[in-house]
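Q: One structure, as C-alpha cells, below. Some questions next.
The values are calculated or read from the model by the stated rules, or taken from the named source; none is laboratory data. In this text, all values refer to a predicted model and were calculated from it rather than measured experimentally. Glycine gets a Cβ as well: all are built from the backbone with ideal geometry, and neighbour counts include every protein chain shown. Accessible surface is based on the protein model in full, side chains and every heavy atom, while ligands, DNA and RNA are left aside. Shrake-Rupley method; radii C 1.70, N 1.55, O 1.52, S 1.80 Å.
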Amino acid sequence: MPFNPDQIPSRFDFQAAQSRLYQNWLKQGYFHAEPDPQREPFTIVIPPPNVTGALHLGHALNNTLQDIMIRMKRMQGFNALWMPGTDHAGIATQAVVEKRLREEEGKTRHDLGREALVERIWDWKQQYEKRILGQLQQLGCSCDWDRTRFTLDENCATAVRFTFHDLFDKQLIYRGKRLVNWDTFLQTAVSDDEVVSRTVQGHFWHFRYPVIDPLPGEPEYVQVATTRPETMLGDTGVAVHPDPEGALLKFTAELEDKIAKANPADVETLKTELDATKSRVSAMLPKLLQLKAMADDGRTIRLPLMDREIPLVTDSWAKPELGSGCVKITPAHDPNDYEVAKRCELPMINIMNTDGTLNAEAGTYQNLTMKQARKQVVADLEQLGLLDETEDRQIELPHSDRSKTPIEPFLADQWFIRMDSLAQSAMDAVSDHRVRITPSRYEKGYLDWLAEKRDWPVSRQLWWGHQIPVWSLPCPTEQDCETARQTVLALDGYDESEVSIQTEPCHETDESKRTQLGLPLATIHVCIKQEGSPLEDQLVAAGFQREEDVLDTWFSSALWPHSTLGWPRPTPELNTFYPTNVLITSRDIITLWVARMVLAGLNNMGEVPFHRVFIHPKILDGYGETMSKSKGNGIDPLDVIDKLGADALRFGMADLTTETQDVRMPVQFECPHCEHSFDQTKKNRELGRVDCPKCKQPFSTQWSKTEEDLSLPRGLVLSERFERARNFINKLWNASRFAMMNLEGYQATTITPEQLTVEDRWILSRLTTVSQNVSQSLEQFRYADATRELYEFAWNEFCSFYVEMLKDRFADEQQRPHAQRMMAFTLDCLLRLLHPITPFITEEIWLLLANLCPERGFDTVQKATDSIMVADWPELNPAWQDNEIEQQFSLFQSTLAALREIRSRQNLAPKKQIRFSIRCHSELTDLIKPMGLFFSSMAAADLEEISDQVTPPKINATVALPNMEIFVDLAGLIDVAAESKRLEKEQARLLGMIAGKEKQLANEKFVNNAKPEVVAQAQASLAQIREQLKTVAEALSDLETLK
RNA sequence: GGGCGGUUAGCUCAGCUGGCUAGAGCGCCACGUUGACAUCGUGGAGGUCGUUGGUUCAAGUCCAAUACCGCCCACCA
C-alpha cells in the first residue's frame, strides 16, 4: 500500500508507538555495547533502583537524565554503555516481605528460618525486578539489558567477598563493641544514616537517687531527670560537672552575648530567661559544689529498684544549668552516656534483649518490653516516694527510617570498616578533581562528611544480603588461640592469599572481671576469600562458627561500577568501560553511596569509578514537600506516561532540571468518572480515596490501600506542569505532519548555496547555533537550557516562521523541489537534536519520513539510517552562522509584529487585506525588500512602497521602530480613538526612555568610565529613540485633524 | 547549633562572566477555525526582582547584614 501522508492522524498516538518502537530497538540490539578498541567508550552505571517498589517520579527524573546523556553520546559515535541493574536493598526488602508474611500468614521470620525466608525474598525480587525494569523500559531507557545485574547476584557476591577479604587482610575491618542504633522492630542495627529524628509528645520525669551514708549537711538525695525512665535500670553512675561555677559563668556569658545580638523583639524573653537561670542556678550552686566534692571523694549513690551501689563521678557532660545539674549515666543505652562511661571507666550494663524486652540484668523487670518497663519503673519509684515531678514535653526522638519505630541505643558486637585512609583517598579524588561534582556546591558536603572519618558499621542483623565471610572461634586462653591459629594454617588447601586471620582481644581488659564474666581471652576470626571454598566446612568442623550477620547494602552498592563490569575477573568490559564517565544521582546519597563508590573503586581498581557526578534536583509537591508514599502526595510517572506519553514526561523532566534549585510540582487528580481535573490538597490526599468535587463520585488513586478503595475506578495523579511538554510534542507532530503532506514528489539532490533564499540562510544559521548550544548544554548537564533552546527554536522559529514561509514556496512549482529538500533537511536535523529527550516521537516521524524522502542531506545526500537512534548527532557547518542574516530577519520579524499589532488594535478582520509602506534608509530597504511577499501571506498586508522618501498616506496608523517607520493606510478604516490612545502611550514610554538615556549621558563619570562601546551604544540608541518619538508625535498631530 | 539552597508577573520557573526598555509556560482579557496543529493562531494586560546598607559611571546580577521558606548534618539528660 502506498504511503499516504494525508492519512497521518493529527495526534501522535504514543500509546501504540511506544511499545512498538521500543521492541524494535531491543530487537535490533541498539542498546547493546561490546568492547571495541576502535571506538571511544562512554559509560554510565545506573543507580540501581530497589527491588522493593515501583517507579516513582524521582526514578523517572534520574533515569530520563541518564538516557538523554547516553543517547546523545551514542549518536555522537561513542561506544555508549548504560549499565542497568537493581539493588537488593537489605532492610527495606526484608522488611516488606516479613510484613507480608506476618499479615498474610501470621508468621515471623523465625517460623520460617533463614533459608526459607531468603527464598521468599528471592521470589519477591524476581517479581518486582521485572516490574521496575519494565517500567524503565516504558520510560524509553536505552539500557544494555543483556548486562542487567543485581547487587546480590553471583558476580556481585564474588566482588563483595574479594573486597571484604582484602580489607580484612589490610586490617581495615574489625569487630568491636559499639553502641548501635537498634531497631527493635526489625531487630537489626541501623546506621546513623537510617535514623531520622522525630518530635513526639513525651514526659520528663525527675527522680531522686539516695546518697549512701550522707554526712551531716550533705544532701540525702541527688535529683536526676530523664525522658526514658526504664533506662535507669542500667545506670552505672551519676555525673556532676567538675567545675560547676566556671561552666555557669560560661553559660551566662553566652546567653548575654546572644541577647546583645538578638532582635529587639526577642530581648525581653531572653532576659527573663537569663534572670530565671541565674537565680535558679545561684540557688543550686552550693549544692553542686558539694556534690562535686563528694564525687571527688569517691562517694556513692544507691540506685533504687536495682539496689545497686553506683559512683558519683565528675564529667563535663553534666550541664549545671540544666535540670538539677546531675545526670544519670546509662552507658549501654545512650550514646552520650557511653562516652561518659568510657571517660570515667564506668561499667556498661546492657539491660535489653534484641527484641526490645528486658534481660536478666533488669532483675524483676525481666521480660517486660521497654515500654511496659517504663510504666512500671515510674509507678514503683512513685511508690517509694522517689518521683519528684513529671513534666509534659516535646521530645526529639530518633526513629528508624525503615520501621518508623523508636531507636533503642544498644551495645552490641558489630563489624566496622576503618575509614581513615579510605576516606582520605576519596577526599583527595574530589579535591584534585579526578572526580568532579556538579553543581560544585555539593563537594563541600561530600568532603565534610568524609573528613569526620567515622568508622563505617557494616554488619546488619538480617538474613537478606551478603553474609559476612568470617568464621570465628572464641579462645579462653593464649594456648587456645595458638592452637586455633595452627588449625587454620593446617587446613587442607590453606593458601595465604585466600585466608586471612585476625585476633580480637577481649574488650574487658581486667583479667579477674573477664574470668568472672566467663569471657574468652580473645576471638580468632578467619576470613575466606572464595565463596564455597572447601575451607569453609573444615573451619566449621574445627569448631569455628560463621558470622550470622550480613553486610550493609551500601557495601555491595559501593562496588557497583566495577562489579557490574565483571571485577574481580579481568574482563574486556572492565578494560574498556572502567572508569565510567558520568554518574547521575540524587543528593541524599552523595555520602552513602557516591563517596563509598569512590573509595571502593580506588581501593579495588586503583582508579576513580567515574569522572563526573551530576546531582539533579529533587521534586517537591505543590506545597514544597517531598513526595512520598507515606504522605500519598506523589505523582505516578506511569499515570503521566499513560495520559500524556513518555516523551512528554521526559521532556517535562528535563525542562525542570535547572542547576539552582529543587522543583515544585503542583499535583492534580483527574476524576475517572467525569474527567474533571482538580488540585491535590493536604486534605484530599490523606485518604486512600478521593471524592470528585464535581460529580461527587469517589475514586481510587495509586496510593489506595484497602480492598474497598481499590475496587473503585482508578483516577490519574498528574501535574499540569507536563502540559507544556505535551503541547510541544503535539506541535512537533503537526509540523512534521505538515511537512510530509508537502513532500510528495520529493527528489533528493544536494543543495547549493546559490539556491538559498534569505529564510533558508536564516534557518540554517539558527539551526547551527541551536545545535551547538544544545550539545554544549547537555555536556554541562544544563538540561533545562537544552530543552528551552529546542522548544523555542522548534516552535517560534521553525514552526512560526520557516514553515509558514515554506507554504507559498510549496505552492510554486518552480520553488517546490528546493523547498522540499530544505524542509526535509531541516526537519531531519531538528528530530535528531530532539531524539535524546523525546525518543519515541522523533523515531516515529523519522520512520514516516523515510517513506517520502529516504535520502536526505545538504552537501551530500545519504540514505537515512533505519532508526534515528543510530543516526549521527548533528554537526552543522559553522560557516552557516550568519549574523547579518539573523539581523535582517529580526528586522523583518519586528516589522511583521508591528503590522499585526496595528491590525489587532484597529480591530481589522483577519482576511481584510491592508496596504502599508515603510520609510527607512536605503541599506535597510535592501534587507526588507526580499521579504515583501511574506507580509502578505503572514499579515495580510501588502507592501506598497519602501524608501527613504515615503510620504505617509493621509489617514494612517504608524509604528516607529528603530531606524524605520511603518505606515498602514487606513483610509475608511481607522479607529481614531484606539490609535491615539496607543500613540499617547507610546509617546510616554519613549519620553521616559529618553529621560533615562539623557541622564545617563549627562553623567560625566559614565561617559569617562564606561567602556567606549557602551557609551556609543547609549548615544546611538538615544538618537534612535528621538527619531521614533518624532514619528509618533507627527502621527498624533495628524490624528488630531481627523477628530 | 553548623552547613547549603531559595525569595523575580496570579501560579511554576529562566535570567551565564554587572551594561540597550527584566523573559518563558500556564492562567487572565480581546479577536480568530474551508485543510499542520484549538494540545492552535494573533494581539494585550500584569513585575518598586524579600528588606536594608555597601561597592560601582551602572546592581535582579557583586559584597555585608536581616527576615521568611526549604533541605542536609549534629544535638540536651
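Q: Over 16 Å from A:LEU1036 (Cα atoms), β-branched (Val, Ile, Thr) and over 52 Å from the mean Cα position of the chain (by Cα): which single residue out of A:ILE966, A:ILE946 fits that description? So that I can check it myself, show each step before the final result.
A: Working: A:ILE966 fails: over 16 Å from A:LEU1036 (Cα atoms).
Of A:ILE966, A:ILE946, the one residue that is over 16 Å from A:LEU1036 (Cα atoms), β-branched (Val, Ile, Thr) and over 52 Å from the mean Cα position of the chain (by Cα) is A:ILE946.
Q: Taking segment A:141-164, which residues are touching a Phe, Trp or Tyr at 6+ places or on another chain (Cβ under 6 Å) and within 27 Å of A:ARG71 (Cβ to Cβ)? Reasoning before the result, please.
A: Residues of segment A:141-164 touching a Phe, Trp or Tyr at 6+ places or on another chain (Cβ under 6 Å): A:142-144, A:159.
Across segment A:141-164, the qualifying residues are A:SER142, A:CYS143, A:ASP144.
Q: Just one of A:ARG393, A:ARG402 is more than 30 Å from A:GLY246 (Cα to Cα), open to solvent by 50 Å² or more (accessible area, probe 1.4 Å) and within 41 Å of the chain's Cα centre (by Cα); which is it? Give the derivation first.
A: Working: A:ARG393 fails: more than 30 Å from A:GLY246 (Cα to Cα).
On inspection, the qualifying residue turns out to be A:ARG402.
Q: In segment A:189-217, what residues are open to solvent by 40 Å² or more (accessible area, probe 1.4 Å), of a type outside the set (Val, Ile, Thr), within 15 Å of RNA strand B (Cβ to nearest atom) and modelled with pLDDT under 85?
A: Of segment A:189-217, the ones open to solvent by 40 Å² or more (accessible area, probe 1.4 Å) are A:192-193, A:196-201, A:203, A:208, A:213-217.
Restricting the remaining residues to those that are of a type outside the set (Val, Ile, Thr) gives A:192-193, A:197-198, A:201, A:203, A:208, A:213-217.
Next cut, within 15 Å of RNA strand B (Cβ to nearest atom) only: A:192-193, A:197-198, A:201, A:203, A:208.
Correct list: A:ASP192, A:ASP193, A:SER197, A:ARG198, A:GLN201, A:HIS203.
Q: Now for a separate question. Taking the condition within 27 Å of A:GLU154 (Cβ to Cβ) and either touching a residue at least 40 places away in the same chain (Cβ under 8 Å) or among the hydrophobic types (A, V, I, L, M, F, W, C) (or both), does A:PRO520 pass?
A: no
Q: Here are some residues: A:THR571, A:THR585, A:THR576. Which one is open to solvent by less than 20 Å² (accessible area, probe 1.4 Å), hydroxyl-bearing (Ser, Thr, Tyr) and over 23 Å from the mean Cα position of the chain (by Cα)?
A: On the way: A:THR585 fails: over 23 Å from the mean Cα position of the chain (by Cα); A:THR576 fails: open to solvent by less than 20 Å² (accessible area, probe 1.4 Å).
The match here is A:THR571.
Q: Out of all the residues in segment A:283-339, which are within 8 Å of RNA strand B (Cβ to nearest atom), closer than 17 Å to A:LEU386 by Cα and surrounded by 21 or more Cβ atoms within 10 Å (Cβ to Cβ)?
A: If we filter segment A:283-339 for residues that are within 8 Å of RNA strand B (Cβ to nearest atom), which is where we start, we get A:317-328, A:330, A:334-337.
Subset that is closer than 17 Å to A:LEU386 by Cα: A:323-324, A:326-328.
A:SER324, A:CYS326, A:VAL327, A:LYS328, listed by residue number.
Q: Same structure again: One residue is enough: does segment A:1-13 have a residue meeting the conditions within 16 Å of RNA strand B (Cβ to nearest atom), touching a Phe, Trp or Tyr at 6+ places or on another chain (Cβ under 6 Å) and over 28 Å from A:PHE555 (Cβ atoms)?
A: The answer is yes; a qualifying residue exists.
Q: Another question, if that's okay. For segment A:407-427, does any single residue satisfy the condition of being open to solvent by 60 Å² or more (accessible area, probe 1.4 Å), without any contact (Cβ under 8 Å) to a residue 24 or more places away in the chain and among the hydroxyl-bearing types (Ser, Thr, Tyr)?
A: So far as segment A:407-427 goes, no, none of its residues is open to solvent by 60 Å² or more (accessible area, probe 1.4 Å), without any contact (Cβ under 8 Å) to a residue 24 or more places away in the chain and among the hydroxyl-bearing types (Ser, Thr, Tyr).
Q: For segment A:962-974, give me each residue that is open to solvent by less than 30 Å² (accessible area, probe 1.4 Å) and either modelled with pLDDT under 80 or over 12 Å from A:THR895 (Cα atoms) (or both).
A: Answer for segment A:962-974, where residues must be open to solvent by less than 30 Å² (accessible area, probe 1.4 Å) and either modelled with pLDDT under 80 or over 12 Å from A:THR895 (Cα atoms) (or both): just A:LEU970.
Q: If A:ALA595 passes every condition in (1) more than 16 Å from RNA strand B (Cβ to nearest atom); (2) of a type in the set (Gly, Ala, Ser); (3) open to solvent by less than 10 Å² (accessible area, probe 1.4 Å) but one, which one does it miss?
A: Only one criterion is unmet by A:ALA595, namely (1).
Q: Considering only segment A:553-561, I want to know if a residue exists there that is of a type in the set (Ser, Thr, Tyr) and under 17 Å from A:SER431 (Cα atoms).
A: Looking for residues that are of a type in the set (Ser, Thr, Tyr) and under 17 Å from A:SER431 (Cα atoms), one finds none in segment A:553-561, hence no.
Q: Quick one: in segment A:656-675, of everything that is surrounded by 14 or more Cβ atoms within 10 Å (Cβ to Cβ) and more than 10 Å from RNA strand B (Cβ to nearest atom), which residue is farthest from the chain's Cα centre (by Cα)?
A: Only one residue fits best here, namely A:HIS673.
Q: May I ask you to verify whether A:VAL435 is in contact with a Pro (Cβ under 9 Å, 6 or more places away or on another chain) and on the phi < 0 side of the Ramachandran plot? Explain how you work it out, then say what you get.
A: On the way: in contact with a Pro (Cβ under 9 Å, 6 or more places away or on another chain): yes; on the phi < 0 side of the Ramachandran plot: yes.
Considered against the rule, which asks whether it is in contact with a Pro (Cβ under 9 Å, 6 or more places away or on another chain) and on the phi < 0 side of the Ramachandran plot, A:VAL435 comes out as yes.
Q: Consider A:ALA977 against the criteria (1) near RNA strand B (Cβ under 9 Å from one of its atoms); (2) farther than 26 Å from A:GLN893 by Cα: it satisfies all of them except one. Which criterion is unmet?
A: (1) is the only condition that A:ALA977 fails.
Q: I would also like to ask the following. Quickly run through segment A:847-864 and pick out the residues that are open to solvent by less than 30 Å² (accessible area, probe 1.4 Å), out of contact with any strand residue (DSSP E or B) (no Cβ under 9 Å at 6 or more places or on another chain) and over 15 Å from A:ASN4 (Cα atoms).
A: Listed by number, the residues that qualify are A:GLY857, A:PHE858.
Q: Can you tell me which condition A:ALA960 does not meet? The list is (1) within 10 Å of RNA strand B (Cβ to nearest atom); (2) of a type outside the set (Lys, Arg); (3) farther than 20 Å from A:ARG900 by Cβ, and all the others hold.
A: Every listed condition holds for A:ALA960 apart from (3).
Q: Within segment A:865-892, count every residue that is in a helix (DSSP H, G or I) and either surrounded by fewer than 16 Cβ atoms within 10 Å (Cβ to Cβ) or of a type in the set (Lys, Arg) (or both).
A: Pass one, segment A:865-892, residues in a helix (DSSP H, G or I): A:868-870, A:878-880, A:883-892.
Next, from what is left, pick out any that are either surrounded by fewer than 16 Cβ atoms within 10 Å (Cβ to Cβ) or of a type in the set (Lys, Arg) (or both): A:870, A:878-879, A:883-884, A:886-887, A:890.
Residues in segment A:865-892 being in a helix (DSSP H, G or I) and either surrounded by fewer than 16 Cβ atoms within 10 Å (Cβ to Cβ) or of a type in the set (Lys, Arg) (or both): 8 in total.
Q: Please specify each residue of segment A:803-829 satisfying the condition of being in contact with a Ser or Thr (Cβ under 7 Å, 6 or more places away or on another chain) and among the hydroxyl-bearing types (Ser, Thr, Tyr).
A: Passing the criteria: none in range.
Q: Between a first residue in segment A:10-32 that is farther than 20 Å from A:MET83 by Cα and a second residue that is within 16 Å of RNA strand B (Cβ to nearest atom) and part of a helix (DSSP H, G or I), which pairs have beta carbons less than 6 Å apart while being 6 or more apart in sequence or on different chains?
A: Every condition considered, the pairs that remain are A:PHE12/A:TRP733; A:PHE12/A:ILE841; A:ALA17/A:PHE840; A:ALA17/A:GLU844; A:GLN18/A:ALA646; A:GLN18/A:PHE840; A:LEU21/A:PHE840.
Q: Is it the case that A:LEU896 is surrounded by fewer than 19 Cβ atoms within 10 Å (Cβ to Cβ), part of a loop (DSSP other than H, G, I, E, B) and in contact (Cβ under 8 Å) with a residue 12 or more places away in the chain? Steps first, answer last, please.
A: Numbers: surrounded by fewer than 19 Cβ atoms within 10 Å (Cβ to Cβ): yes; part of a loop (DSSP other than H, G, I, E, B): no; in contact (Cβ under 8 Å) with a residue 12 or more places away in the chain: yes.
No.
Q: Do the conditions hold for A:ILE1025, that is, is it within 11 Å of RNA strand B (Cβ to nearest atom), open to solvent by less than 80 Å² (accessible area, probe 1.4 Å), out of contact with any Pro (no Cβ under 9 Å at 6 or more places or on another chain) and at pLDDT 80 or above? Break it down into steps so the answer makes sense when it comes.
A: Numbers: within 11 Å of RNA strand B (Cβ to nearest atom): yes; open to solvent by less than 80 Å² (accessible area, probe 1.4 Å): yes; out of contact with any Pro (no Cβ under 9 Å at 6 or more places or on another chain): no; at pLDDT 80 or above: yes.
No.
Q: Identify, by number, the condition in (1) away from RNA strand B (no atom under 14 Å from the Cβ); (2) free of Cβ contacts under 8 Å to residues at least 40 places away in the same chain; (3) among the aliphatic types (A, V, I, L, M) that A:LEU1036 doesn't meet.
A: Answer for A:LEU1036: the failing condition is (2).
Q: Can you tell me which residue within segment A:218-253, out of those that are of a type in the set (Ser, Thr, Tyr) and more than 10 Å from RNA strand B (Cβ to nearest atom), is farthest from A:GLY323 (Cα to Cα)?
A: Just the residues of segment A:218-253 that are of a type in the set (Ser, Thr, Tyr), to begin with: A:221, A:226-227, A:231, A:236, A:252.
From what's left, more than 10 Å from RNA strand B (Cβ to nearest atom): A:221, A:236, A:252.
Values: A:TYR221: 15, A:THR236: 20, A:THR252: 15 Å.
Filtering segment A:218-253 for residues that are of a type in the set (Ser, Thr, Tyr) and more than 10 Å from RNA strand B (Cβ to nearest atom), the one farthest from A:GLY323 (Cα to Cα) comes out as A:THR236.
Q: So how many residues does segment A:194-243 have that are in a loop (DSSP other than H, G, I, E, B) and hydrophobic (A, V, I, L, M, F, W, C)?
A: Adding up the residues that qualify gives 2.
Q: Can you tell me which residue among A:ALA80, A:ALA116, A:ALA95 is of a type in the set (Gly, Ala, Ser), open to solvent by less than 30 Å² (accessible area, probe 1.4 Å) and in a helix (DSSP H, G or I)? Spell out the reasoning first.
A: Numbers: A:ALA80 fails: in a helix (DSSP H, G or I); A:ALA116 fails: open to solvent by less than 30 Å² (accessible area, probe 1.4 Å).
Selected residue: A:ALA95, the only one of A:ALA80, A:ALA116, A:ALA95 that is of a type in the set (Gly, Ala, Ser), open to solvent by less than 30 Å² (accessible area, probe 1.4 Å) and in a helix (DSSP H, G or I).
Q: Looking at (1) closer than 25 Å to A:PRO910 by Cβ; (2) more than 9 Å from RNA strand B (Cβ to nearest atom); (3) open to solvent by 60 Å² or more (accessible area, probe 1.4 Å), which one does A:LYS985 not meet, given that it meets all the others?
A: (2)
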